[in-house]
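In what follows, a single structure is set out as structure tokens and then discussed.
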Amino acid sequence: MNMENGKNNGKSNALGIFTALAVGLSAGFIAGILLAPKPGKETRQQLKEKSEEMIEKSKEGLDTIMGKTKGYVDMGKSKLAEMKSKGEEFVEKSKEKIVDISKVVGSRAGDAKKKINKVIEKGKNTAKKVKKDLS
């Protein structure tokens with residue numbers, strides 16, 4: 001359980017770092033534009049252009065992250081399906097082994113029962129002889 005939390009924290013940290021970087025770059029850029037000695041119209045136009053550039057770069061970054069995430073999810077699904085298949089195969093082999101073992105045990109139990117009955121029969125016959133000899 002702790003390992004799962006560690007993995008999730010790694011993903012959350014990467015997203016947090018990416019967000020912090022984007023916000024920091026945006027704030028620094030905007031502060032630089034606003035403090036630069038240019039006319040208002042030119043500054044607004046530059047802000048608009050740079051904002052559009054940053055939005056486009058953010059979308060590209062998000063698309064990249066989403067693509068990688070989808071790849072990891074697909075890989076995880078594939079591994080899970082593989083593990084499930086191996087587990088089912090193991091269960092089937094185990095069932096076969098149990099059936100084989102139960103047949104062997106059943107067969108040997110029948111043989112043992114026959115031998116025990118023979119010993120009991122011999123014991124009864126011996127007891128009858130002893131009783132007859134003693135009478």
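Of all residues in region 11-35, those being open to solvent by less than 60 Å² (accessible area, probe 1.4 Å), within 17 Å of Thr64 (Cβ to Cβ) and either of a type in the set (Val, Ile, Thr) or modelled with pLDDT under 70 (or both) number 0.
For the structure I just gave you, tell me whether Lys77 is under 49 Å from the mean Cα position of the chain (by Cα) and of a type in the set (D, E, K, R). Break it down stepwise before answering.
Numbers: under 49 Å from the mean Cα position of the chain (by Cα): yes; of a type in the set (D, E, K, R): yes.
So Lys77 fits the description; yes.
The set of residues in region 36-51 being part of a helix (DSSP H, G or I), modelled with pLDDT under 75 and not small (Gly, Ala, Ser) consists of Thr43 alone. Determine if region 72-82 includes at least one residue that is loosely packed, with under 10 Cβ neighbours inside 10 Å, closer than 30 Å to Leu21 by Cα and not β-branched (Val, Ile, Thr). Among the residues of region 72-82, not one is loosely packed, with under 10 Cβ neighbours inside 10 Å, closer than 30 Å to Leu21 by Cα and not β-branched (Val, Ile, Thr), which makes the answer no. Taken across region 101-120, residues that are open to solvent by 80 Å² or more (accessible area, probe 1.4 Å) and acidic (Asp, Glu) do not occur at all.
The values are calculated or read from the model by the stated rules, or taken from the named source; none is laboratory data. Small disclaimer: the values here were computed from a predicted structure and weren't measured. A quick note on method: Cβ atoms are made from the backbone with ideal geometry, for glycine too, and the neighbour counts reach across all protein chains shown. SASA here: full protein model, heavy atoms, side chains in, ligands and nucleic acids out. Shrake-Rupley method; radii C 1.70, N 1.55, O 1.52, S 1.80 Å.
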